[in-house]
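See below for the structure under consideration.
The values are calculated or read from the model by the stated rules, or taken from the named source; none is laboratory data. This one's a predicted model, so the numbers in the text were calculated from it and none came from an experiment. Cβ coordinates were reconstructed from backbone atoms using ideal geometry, including for glycine residues, and neighbour counts include every protein chain displayed. For accessibility, only protein heavy atoms count, side chains too; no ligands or nucleic acids. Shrake-Rupley method; radii C 1.70, N 1.55, O 1.52, S 1.80 Å.
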Amino acid sequence: MRHAWGDYLTLSYSWGLGIQDHSVIIDGQYVAVTESLYLAMRTMRKGGLHIKSSTHSKFLLWVDAICIDQHNASEQGREVRRMKTIYGDSIGGFVHLGAASDDSDLALNNINSIAKSLRTGYDCSNWLVDISMEPETSWATPAIKAIMKLLSRRYWSRMWIIQELAMGQDQMVLCGDSCSSLIDIRQILRLFVLNLEQIVAIIGYDEYIENTDGFQCTLALLWWIGRVRELVTQPQGSEPVKYSDLRSPIFGLTLYASATDPRDKIYGMMGMLPAVLASKIDKKGRNYELTTREVFLGFSKAVIETTGDLDIIYTSHLLQSTKSDLALPTWATDWTLKNCRTASIDNSMEWYFGLEDGEDKLRDIIPSTMGDSGQLSRADGGRNGNIHFSDEGELLFCEGFCIAIIDGHASELIAAQSDTPAMSSSPHLVVQPEAHGMCPYGNSDGLEEALVRTLLLDPLGVASSKCPIFQIPWVGAEADSDARTGECTFGDESIAYFAKLRENGWNTAKFGGSFISFEFLRRRLGLFQIAGRPFKDYFPQTISQAPQQDIDCTSIKDIVSNSICRRLVTTKSGHVGMAPATVVHGDAVYVLLGCAFPVILRPVKNNAGQYQVAGECYVDGFMKGEALKGLDNGEYQLQQIVLC
């Protein structure tokens, strides 16, 4: 027997709008609760509690809104520190997604059925292909649509559920009066992700776009929750804390998540963070006496002090200075702003799924930013600088040196058929470089290799060696026209182009939707000059026989993802790079000691020596510590830099 009084279960649910217009009876007294909590407790009373015990016939239920005094900031602060223990020590947990709607019963019943088929070895991928051929007549189409609706529910985006799901045991997922297991739901999510092209064909593009934001939150959460469980349950050792381990998955999930109280974006992480970092942000019961700005600023400072590096400075949204109301320094992150670009720091678990049944990782590869020794490739060469803060904590003092000046930039890529706004004020603007013919990569082959590494943010060339994109023929006059206008049209010439590719052995089916997006990207970049040649001229102008080795389609998708909210750039020295979409001609690129990526810094007028962070900037040729040799021989001058 664990407790003399019995045992307890935990409930994870969506708070909704927080309006307490329902009531439940506890110890003979009416207690006001929200509609979402009322529905969850009613469902459990009607038969949701299926956990059996040889020692107890009844269980207590722990619910945050009832068990924590929501009007007592001191108690809230104390209980926040105990979340890891509360959920980790429970005998089990329940997830309630809300009232039955959008055919949720159909969704959960089919999740259970499909998961059972997967466990027996049935090829569900081919099943989805068959449905996608004639979705209008298939009996399964309504079920697939219902599952997508279920996976897009608001519950999955809550900040607190990351910790609740990571620490909870054997969660049962309820919606209305139907149920499934979290393990089965994760299996179906994985199936959908690996067959996303078929899923879009089945439910329709418009419906997919309508549910994209919610689905992405669920994807991030359930894809990474296995890794989070490993992190929060492993013994606390003496190993140094690295930013790369925090970025994926904990910081990445936090950027996707939502919280009613923005301070919970930080406090919701506390139980998942290494103890040495958590102790720096835990104010011992006074957590909710601090303002949101104080919490966010203090957290960035704590991460820098704990990791000993500056990598968190490019977690910020590219437009934080204009979109945020908190007036934070540019080196600190406003966690209420959604993530706007792919992570520039990778790690060995980037595609981790980690199902509880011991299934292998989806991709078990050395990441493109990690060397054979397992150490991350860093622009600072791993060299530490003097990092400290001003007394009031607003200014960050560090050391660095300027390595490049931006000479030209291409237009910003805007996601095709998307309502996502451009990041910059002039997305179609192309600034051609003034330096022509400069090529620090030896020859045209070296330049092409540098371009692929750049588009993939791949300094070691791990992924780019498998993705020879410059073998893909250019489309022709229609693509030339699009390159001039910045549009992307697929008319008769493009259709004939794809047909001729197939005639010459190109397996265009393997490109899936990725190739269309890539085609849109390269037409946007088509006229941008690199070493005196337009980007389009780096591709064959006629269609020849397909290479014997297939193009790596996954890498093509990564190129498109990396280009969102970024621009292809060149420097005055002829180096190529990927910069934030907000880059301007003449921006200075620095290597900061303690930063894995070079950073664009902009001087502050009337404050000599102070700079604002514009964002990270990949510059091929400076990503593996090459600039340190120039610093040591006097080519570059180290200076104290004050970030504000």
- Message: To check you understand DSSP bridge types, tell me what percent of the beta bridges within the chain (both residues inside) are antiparallel, rounded to 5.
- Response: 75 percent
- For the chain, whose charge dipole is built from +1 on Lys and Arg Cβ atoms and -1 on Asp and Glu Cβ atoms, the candidate among ILE91, SER248, SER117 with its Cα farthest towards the positive end is ILE91
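Leaving out ligands and nucleic acids, note down the accessible area per residue over the range 294-345 with a 1.4 angstrom probe, in whole Å². Before the final figure, lay out each step's value.
Working: 1640 Å² over 52 residues.
Normalised by residue count, the accessible surface of the range 294-345 is 31 Å².
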- Query: Based on Cβ point charges of +1 for Lys and Arg and -1 for Asp and Glu, what charge dipole magnitude is obtained for the chain about its Cα centre, in debye rounded to the nearest 20?
  - Reply: 1000 debye
- Message: Compute the distance from the alpha-carbon center of the range 567-620 to that of the range 262-334, in whole Å.
- Response: 23 Å
- Debye log10 I(q)/I(0) for the range 107-264, one point scatterer per Cα, at q = 0.09, 0.13, 0.14, 0.20 Å⁻¹: -0.33, -0.67, -0.76, -1.34
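Nothing charged except the Cβ atoms of Lys and Arg (+1) and of Asp and Glu (-1): what's the magnitude of the dipole of the range 239-302 about its Cα centre? Round to the nearest 20 debye. If you can, show how the numbers build up before the last one.
On the way: 10 positive and 7 negative charges, 35 e Å.
Approximately 160 debye in magnitude.
Do any of LYS283/LYS605; LYS116/LYS500; LYS149/LYS265; LYS280/LYS557 go past 32 Å between their Cα atoms, and which? Don't skip to the answer; put the middle values down first.
Details: LYS283/LYS605 36 Å; LYS116/LYS500 43 Å; LYS149/LYS265 25 Å; LYS280/LYS557 39 Å.
Table pairs above 32 Å Cα-Cα are LYS283/LYS605; LYS116/LYS500; LYS280/LYS557.
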- SER113 versus HIS436: modelled label distance in nm, points set 7 Å from Cα along the beta carbon direction: 6.6 nm
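Contact order normalised by length for the range 134-217, with contacts defined as Cα pairs under 8 Å and 6 or more residues apart; what percent is it?
Working: 44 pairs, mean separation 40.9, N = 84.
That works out to 49 percent.
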- Can you send over the carbon and sulfur percentage of the accessible area for the chain, probe radius 1.4 Å, protein chains only? 49 percent
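Evaluate E = 1/(1 + (r/R0)^6) for GLU487 and LYS572, where r is the Cβ-Cβ distance and R0 equals 41 Å; express this FRET efficiency to the nearest 0.05. Intermediate values should be presented prior to the final figure.
Details: r = 31 Å, r/R0 = 0.75.
After rounding to 0.05, the efficiency reads 0.85.
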- Message: Could you tell me which residue out of CYS595, TRP160, GLY630 lies farthest along the dipole of the chain toward its positive end? Charges go on the beta carbon: Lys and Arg +1, Asp and Glu -1, centred on the Cα centre.
- Response: TRP160
- Inter-site label distance for PHE470 and LEU194 at 7 Å from Cα along Cβ, in nm: 3.5 nm
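What does the extension gain come out to for GLU503 and ASN126, with contour length at 0.36 nm per residue minus their alpha carbon separation?
Numbers: separation 377, 0.36 × 377 = 135.72 nm, distance 2.56 nm.
Residue separation times 0.36 nm, minus the Cα-Cα distance, leaves 133.2 nm.
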- Note the listed values (1) 90, 60, 46; (2) 82, 68, 42; (3) 109, 81, 76, then indicate which one is Cα extents along the principal axes in Å calculated from this particular structure. (2)
- Exposure of GLU519 as accessible area (Å², to 10), given a probe of 1.4 Å and all protein chains: 0 Å²
- Under unit Cβ charges (Lys, Arg +1; Asp, Glu -1), what dipole magnitude, rounded to 20 debye, does the range 149-206 have relative to its Cα centre? 140 debye
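By average Cβ neighbour count within 10 Å, what is the ranking of 112-119, 596-603, 22-29, 406-413 from highest down?
Details: 112-119: 15.8, 596-603: 21.8, 22-29: 10.2, 406-413: 23.6.
Going from most to least packed, we get 406-413, 596-603, 112-119, 22-29.
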- Item | Förster radius 22 Å - calculated FRET efficiency between ASP21 and ASP69, Cβ distance, rounded to 0.05 | 0.65
- Relative counts (whole %) of C-alpha pair distances in the range 97-137, using bins that are 10 Å wide: 25, 39, 33, 3
- Query: Among the aspartates and glutamates, which fall within straight-line cross-link reach of LYS629, defined as a Cα-Cα distance under 13 Å, with same-chain neighbours fewer than 8 residues apart omitted?
  - Reply: ASP380
- Message: Using a 7 Å offset from the Cα along the Cα-to-Cβ direction at both ARG286 and GLU392, what is the distance between the two label points in nm, to one decimal?
- Response: 1.9 nm
- Task: Please give the length that would be gained between MET133 and SER279 if that part of the chain were fully extended, namely 0.36 nm times their separation in residues minus their C-alpha to C-alpha distance (nm, one decimal).
- Result: 47.1 nm
- Task: Take every Cα pair under 8 Å in the range 108-259 that's 6+ residues apart, average their separations, divide by the length, and report that relative contact order as a whole percent.
- Result: 35 percent
- Query: Using alpha carbon centroids, what distance separates the range 436-510 and the range 106-155, in Å?
  - Reply: 35 Å
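Hey, what did the chain get for relative contact order, percent, Cα under 8 Å, at least 6 apart?
Values: 1131 pairs, mean separation 85.3, N = 644.
Relative contact order for the chain comes out at 13 percent.
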- Charge dipole of the chain about the Cα centre (unit charges at C-beta), most positive-ward option of ILE641, GLY204, MET423: ILE641
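Want the number for ALA140 to LYS323: 0.36 nm per residue separation, take away the alpha-carbon distance, what's left?
On the way: separation 183, 0.36 × 183 = 65.88 nm, distance 4.29 nm.
Length gained, ALA140 through LYS323: 61.6 nm.
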